[in-house]
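Scroll down for the structure; my scribbles are underneath it.
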Amino acid sequence: MSHCTAKRSWPSLGCALALLICSHASVGAEELRIGFLAPTTGIFAQVGKDMVDGFQMYLDEVKNDFAGAQVKFIVEDEQGKPDTAVTKARKLVLQDKVQTFVGGLLASTGYALAPVSTSESIYIIPVAASDDLTQRDAGKFPYLIRTGWTSSQPSHPFGQWACDQGYKKIAAVGADYAFGYEVIGGFQKAFESCGGRIIQKLWPPLGTKDFGPYIPNLKQDADAVLTLMAGPMSLQFPKQLAAAGNKKPVLGGGTSYDEFVLPAMGDEVLGHVSALQYSAALDTPRNAEFVKKYRAKYGKVPSYYSETNYTTALMIHEVLKRNNGKWPGGPEFIKQLSAMKFDTLRGPVSFDDLRNPVQNIYIKKIEKKKMFGYDKDELWNTVIKTYPNVSQFGQFNKAEFLQQPVYSRDFPPCKFCE
Amino acid sequence: MQSQWAKILAVVAAVLALAVVVPFTSSFVILLVTRALAFSILVMSLDILLGFTGLASLGQAAYLGIGAYVTAVLATKYQFGLGYDFWLVVLFGILAGAVLAAFFGLFAVRATGVYFLMITLALGQCVWGLAYRWNSLTGGDNGINLSARPKFGIDLSHDVTFFYLVLGFFALSLLAMYVMVRSPFGASLLGIRERELRMRILGYNTWLHKYIAFVIAGAFGGLAGVLWAHTAGIVSPENVVLTTSVDALLMAVLGGAGTLVGGVIGCFIVFGMREYLSTLVPWWQYVLGAVYVLTILYLPMGMMGIPERIRQGRASGRPNAKKLAVVPS
C-alpha cells in the first residue's frame, strides 16, 4: 500500500518541480535586491522616514521595475548607530545577498559601513557625507560610490559667498562631531582664503537642547553667526538665538535649515541663509511636480534626504537601462555610473574621479511666501545664488587639498580666535 | 545540591547545543549569536557587582570600551594582535580593564546605593569623553575600523571559526565567574549584599572585598571589549556611551540579577529583539518595551524567576498551600 502511494507521488513531485522551474523561468526577469539602511527608530526617525519615502516614491513611480529587473527593496533600521548599521548591512549582504546596499545617515555611520562593501555588494551613499570616503580614503574602498555630497562641498562656495557679502568676522557654532567639523572647517578654509576671519568656534555636543551656555558667549564684534545643527538641535538653536535678542545675520550649514525641520520652524528663522545642493523651493517645473506629488503622498514637503534618495533610485535605474535590466556586477556598475551625467531634480550631476558628485550648490535664504500654487504663506528656502558644477574640492586645487588633513575640531586651526 | 548539579548540566547542555546548532543556521544568525555571546560576558561581569555584591554600576561600558579601544588601536596603528599575538592582546585587554577598574574603584567603591550609581556613571562618562575627544588616538566620533580579524593557523575572519572562539571565551568566563561566586570569597560578597554592616562587625574588610569584585568585573569587561572589537569590526564612542551601560544593566535585570546565566538570557532576548526582530517587523520596540514592563511587573526575579514562579503556582494549587494563603486574610 505504502509502496503504491510512494510510486504514485513521484510523478506529481516531478511535475511540481517542473512547475517550480517553469514558473521561475516565466518570471524570467532578473531580481535586483537593494538593501536600504535608515534610522527608522530613535531621535533621527523623522529623517529616516524621509530617506525611505524618497526612495520608495521612485520605486512606486516605476512599479519596482528597473528596465525589466524586478526590484526587491529591503529596508533595515540602522537606529542611528554605526555599530547597528554594520550588523544590519552584514545581514543584507550575507542573508539577503543584495547587489547593493544604500543609505546610512550619520557621517560616522558612513565610515563604519564603507569596509562592509564588496564587489558582490557595493555601497551607494546618498546621505552620509563623511568627507574622506571620497577623498583621502577613496582608494581604500573601491566598492562604494556617493550619490549625495561631501559635508564640506557646499561650504566652500558658501565661504566665498560670505566674503562677497562683505562679512569680515564670523563666529561659528557647530554640532560636536565629524559632520560639524567638516561643514564648519570647509567654510573656514574658504572664508579665510578670501580675507575673512573666523573669530570663534563653539562646539555644543550632538543633541544639545539648551544653548544657554553658548549663546551669551558669542563674540559681539562678529558680523555674522555661522551655525551647523543636526537633528532636533536645528529647531532649538534659532529659537533660543532669537530669544537672546540676536540682530546679526545668521548663516547655516545645509542641515540647519533643511526641509525636514523647516515646516516646524517659526518666523525667527526668516532671512537666515544656508547652502546645500538641493532646495524644495528650486523653481523648476520638474521640482515643482516632485514637491507636489511628494506632498500629496506623504503629507509634507520633501527634504534633501527625500530628494537624494529619489535621485539615487533614478540613477540605479538609468544604469540598469543601459544594461537591459541586467545587474552588470559591482565594479562595472560603479564604473558606468561614475561616467554618466544626469539631469536630476537638484540640477545637473556628474561624478569626479573619486566617485563623488559634481553638482550645483545653492545659496538659500528663508522667506515666507506662497509657492507651487499652495494657498498658504509658508517658509521656503528660496535660492538666491547658484554656484554651478561644484566639485568636492570647490575652488581649491585637488592635489593641494588632499595634502591637508581632513577637517576636524582642530583643523583648520582657529588663527583669529582669542 | 541535587538541583545545583541539574542547573549546571542544563547550562552545559545549552552551551553544547549552541556549539552544535548555530553553525547550521544562516550566516546572519551566526553573527548575531557571536555578538550576543561577546556582549553577555560584559553583562555577567556587571552581574558580579549588581547581583552578587549589590552594587548597581552605570559605568560598565567603560571596561568594554577600553578593551575594545586597546584592541583597535594596537591593530590599526601598530598592526599588533593580528597573528598569534592576538592572545597577548586578550591579555592586554583584560589587564587594561582591570587597571582601569582598580583606578576607578578607588573613587567608586567607598560609595553605596545611588551614590555608587552616580559615581560610576560619572566615571563612565569620563571614558566616553576621552573616546569622543581624543581624536588622534580614538578617531573621535568616527571611531576606528578594524580591517581584518586575526589569523594564526586558524582564520578568524571565517565567521564560524570566530563564533567558536567567542563561545570558548564565553564558556571559560562563565566557568571562572561561577567558581568565583561559589567560593568563600563569593559568599562574603553575598554577605555584603545582604548586610554590609554585619559583615564588617564579623571582621571582614568589606571595602577590600568590594574593591576586588570591582576589579574582577572590570577585567572581564576588558575581555568582552577585545572580543567585541573583532565581532563588530568597528569601535566607536557608541560602545562606551551611557546607553551601552544601561543596556547591560537592563539585560542583567531582565534575565535575573545574581544568577550569571540570567544576564546571558537577557542579553540574548534584547539582541534578538533589537537586531533580529527589527529585521522582520517595524514594531519591534513595542515588543521590547512590553517584555521589560511585564518582567518588572510579574517577574521581579527576571527570566530566571520563571521556574520559581511556576513552582509557586503549582504549590498554591495544592490544598495545604491554600490553607496557608487563607491565614493572613
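Within the stretch A:382-418, restricting attention to residues that are within 14 Å of another protein chain (Cβ to nearest Cβ) and either in contact with a helix residue (DSSP H, G or I) (Cβ under 6 Å, 6 or more places away or on another chain) or within 13 Å of residue A:153 (Cβ to Cβ) (or both), the residue that is surrounded by the fewest Cβ atoms within 10 Å (Cβ to Cβ) is A:408. When the stretch B:134-152 is filtered for residues that are surrounded by fewer than 16 Cβ atoms within 10 Å (Cβ to Cβ) and either free of Cβ contacts under 8 Å to residues at least 60 places away in the same chain or touching a His at 6+ places or on another chain (Cβ under 6 Å) (or both), the ones remaining, listed by number, are B:134, B:136.
So which of A:305, A:294 ends up being part of a helix (DSSP H, G or I), surrounded by 14 or more Cβ atoms within 10 Å (Cβ to Cβ) and in contact with an Asp or Glu (Cβ under 6 Å, 6 or more places away or on another chain)?
Sole residue among the options that is part of a helix (DSSP H, G or I), surrounded by 14 or more Cβ atoms within 10 Å (Cβ to Cβ) and in contact with an Asp or Glu (Cβ under 6 Å, 6 or more places away or on another chain): A:305.
Scoring residue A:417 on the criteria (1) more than 27 Å from residue A:334 (Cα to Cα); (2) at pLDDT 90 or above leaves a single failure, condition (2). Taken over the stretch B:261-290, the criterion of being free of Cβ contacts under 8 Å to residues at least 60 places away in the same chain and closer than 30 Å to residue B:182 by Cβ is satisfied by B:265, B:269, B:270. Consider the stretch B:1-27 and keep the residues that are within 25 Å of residue A:89 (Cα to Cα) and without any contact (Cβ under 8 Å) to a residue 24 or more places away in the chain. The one that is farthest from the other protein chains (Cβ to nearest Cβ) is B:21. Mind listing just one residue for me: the one in the stretch B:134-193 that is small (Gly, Ala, Ser), assigned to a helix (DSSP H, G or I) and within 14 Å of chain A (Cβ to nearest Cβ) and, of those, farthest from residue B:11 (Cα to Cα)? Once the filter is applied, the top-ranked residue is B:136.
A quick yes/no check of all residues on (1) in contact with a strand residue (DSSP E or B) (Cβ under 7 Å, 6 or more places away or on another chain); (2) within 14 Å of chain B (Cβ to nearest Cβ); (3) assigned to a helix (DSSP H, G or I):
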site: A:118; (1), (2), (3): no, yes, no
site: A:133; (1), (2), (3): yes, yes, yes
site: A:139; (1), (2), (3): no, yes, no
site: A:148; (1), (2), (3): yes, no, no
site: A:153; (1), (2), (3): yes, no, no
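Taken as a whole, the stretch A:100-116 holds at least one residue that is more than 9 Å from every other protein chain (Cβ to nearest Cβ) and among the hydroxyl-bearing types (Ser, Thr, Tyr).
Quick check on my filter: what residues within the stretch A:251-291 are β-branched (Val, Ile, Thr) and assigned to a helix (DSSP H, G or I)? Scanning the stretch A:251-291 gives A:255, A:269, A:291. Checked against (1) aromatic (Phe, Trp, Tyr); (2) farther than 15 Å from residue A:84 by Cβ; (3) modelled with pLDDT of 90 or more, residue B:271 meets all criteria but (2).
The number of residues in the stretch A:345-359 being hydroxyl-bearing (Ser, Thr, Tyr) and closer than 21 Å to residue A:34 by Cα comes to 0. The set of residues from the stretch A:96-116 being among the small types (Gly, Ala, Ser) and not in a helix (DSSP H, G or I) comprises A:103, A:104. Here the stretch A:34-71 is the region considered, the condition is being assigned to a strand (DSSP E or B) and away from every other protein chain (no Cβ under 14 Å), and the residue that is nearest to the chain's Cα centre (by Cα) is A:34.
The values are calculated or read from the model by the stated rules, or taken from the named source; none is laboratory data. For clarity, every value in this text was computed on a predicted model and none was experimentally measured. Ideal geometry is used to build each Cβ from the backbone, glycine not excepted, and the neighbour counts take in all protein chains shown.
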